[in-house]
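J.: Questions regarding the structure given below will be posed in turn.
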Amino acid sequence: MRAGKSTGHMMKGAISAALVLAAGQAMADPISDWNVPPYSLDLGNAQFSLGGSADGAVYTNEMDTDHTGATGDLRLTPKLRRDYDSGLGLSLQASILAYRGELSGLRYGGDLFEKVFFTLQTGLGRVEIGQADGAAYALSVAGPKVDPDTSIDDADMSFFRDPSTSHAFIDIFPLRSEVMASSNYAKLSYFTPRLFGVQFAASFTPSQGKDVVPFVNDGPSVPDRQKRIWETALSYSDTFGDATVKAYAGASMAHDAARTDGHEGLTDWALGASVDYPLNDDVKLSLGGAYRNTNAYAFDLDNVLAAGSTKATHVSAEVTYDSWASGFEYSTGTADGSPRLGVDGYETTIGYKINANLQLSGGWRHLSYRRDSGAFFNGDDRIGMDAEFIHLKFHV
């Protein structure tokens, strides 16, 4: 990309950010004290609550031609919970993706039921059974993100459409520095209490099935499907003076139940850390990052290779002041295979927390993909893309 064009993109990003700030300030004054709690209802000795979130984003991207669009999604998060005098807690909860645009709801592949799981909470830890996050993903640390939905790392929302498929272009190789091999497949997980800053967790996922209860379904009958997915994680969090330090290590291993030549069982691991430091009573600086290495080609669990690896690195920084946040992220990844893929990306984001329910963010994102054979839809082995976006999130 030419320097002049890159400068133009940066200027557009700055303009987008300025608009976000102005809109945030304008909206903040009349509704800063507005607060919508989740709906709640007592059902005998149990409590039912219904929360959720609604996302909407508008964007302009530049790939082959200028393109402006919008995307968004609607989630419902019902929860039924009962607490006992003994300290035992039982709950059933879910995350339902009631509506999604084609460029939203990407984290779990657009599933209607993203999560449905039972929880047993005791003084000795927490047990989860059902469609839930695995141990390594649940405890992951990957650095600060002003807006996790629009982050270039583990994005739930994209602003680039592949015209040849009409799907999100990043599906070809999504940057994700957290171990998420077991996705939202039905599993059994255990999380210890956090003692002296340390927490351990482990998950067992029998197969790639999504029938809520583990052991019921073997998942898709496709070559090289993974079974017996074990996932472990170790998390650490503590304060040192004014600084808060977090770190984690996560790993996942699995068996190839229908192996073909050139494929094998999964090996997936990651490390991450972050530090938060208050510069004064109003300003806080956060730094962090993560590294992931797996033999799943471009993080595709159905394509785990016997040779080569996929790597991803994410680093980020964030400054917060009162209800404002500004951050920068850089991510890079390579996928050994056919073709060999590479991707680099960076993003600047400014966010404003309008109240307890509303957050507004906006900024500029750049992604650059390359391959050693074949071509992208533009007819070249390289493609760069830029986007400016504004994102409003409402959640209860």
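The values are calculated or read from the model by the stated rules, or taken from the named source; none is laboratory data. Being a predicted model, the structure only gives us computed values, none of them experimental. In this analysis, Cβ positions are derived from the backbone assuming ideal geometry, glycine residues included, and neighbour counts consider all displayed protein chains.
J.: Which of the residues spanning the stretch 194-208 are under 14 Å from A135 (Cβ atoms), touching an Asp or Glu at 6+ places or on another chain (Cβ under 8 Å) and either part of a loop (DSSP other than H, G, I, E, B) or polar (S, T, N, Q) (or both)?
T.: S203, T205
J.: Related question: Give the stretch 242-261 a look and list any residue that's of a type in the set (G, A, S) and either crowded, with 16+ Cβ neighbours inside 10 Å or at pLDDT 95 or above (or both), or say none.
T.: Across the stretch 242-261, the qualifying residues are A243, A247, A249, G250, A251, S252, A254, A257.
J.: Return a yes/no flag: does the stretch 105-123 have any residue that is of a type in the set (S, T, N, Q) and either surrounded by 21 or more Cβ atoms within 10 Å (Cβ to Cβ) or out of contact with any strand residue (DSSP E or B) (no Cβ under 9 Å at 6 or more places or on another chain) (or both).
T.: no
Per-residue answers, yes or no, for (1) more than 22 Å from V141 (Cβ to Cβ); (2) not in a strand (DSSP E or B):
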position	(1), (2)
D302	yes, yes
F328	no, no
I350	yes, no
G362	yes, no
I383	yes, no
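J.: What residue, of D33, D55, D85, is among the acidic types (D, E) and assigned to a strand (DSSP E or B)?
T.: It is D55.
J.: Can you name the condition, by its number, that V245 falls short on among (1) closer than 25 Å to I129 by Cα; (2) hydrophobic (A, V, I, L, M, F, W, C); (3) touching a strand residue (DSSP E or B) at 6+ places or on another chain (Cβ under 6 Å)?
T.: Only one criterion is unmet by V245, namely (1).
J.: Looking at (1) within 17 Å of the chain's Cα centre (by Cα); (2) at pLDDT 95 or above; (3) of a type in the set (D, E, K, R), find the lone condition where D111 falls short.
T.: (2)
J.: Continuing with this model, one more query. Being acidic (D, E), closer than 26 Å to A155 by Cβ and surrounded by fewer than 19 Cβ atoms within 10 Å (Cβ to Cβ) is the filter here, so list the residues in the stretch 179-236 that pass it.
T.: Residues satisfying the conditions do not exist here.
J.: Can you confirm whether G351 is crowded, with 16+ Cβ neighbours inside 10 Å, free of Cβ contacts under 8 Å to residues at least 40 places away in the same chain and either small (G, A, S) or in contact with a His (Cβ under 9 Å, 6 or more places away or on another chain) (or both)?
T.: Against the criterion (crowded, with 16+ Cβ neighbours inside 10 Å, free of Cβ contacts under 8 Å to residues at least 40 places away in the same chain and either small (G, A, S) or in contact with a His (Cβ under 9 Å, 6 or more places away or on another chain) (or both)), G351 does not qualify.
J.: Right, something else. Answer yes if at least one residue in the stretch 59-71 is in a strand (DSSP E or B), of a type in the set (S, T, Y), free of Cβ contacts under 8 Å to residues at least 60 places away in the same chain and closer than 30 Å to H366 by Cβ, and no otherwise.
T.: yes
J.: When the residues of the stretch 277-298 are filtered to those that are touching a residue at least 60 places away in the same chain (Cβ under 8 Å) and out of contact with any Gly (no Cβ under 9 Å at 6 or more places or on another chain), which remaining residue is surrounded by the fewest Cβ atoms within 10 Å (Cβ to Cβ)?
T.: A296
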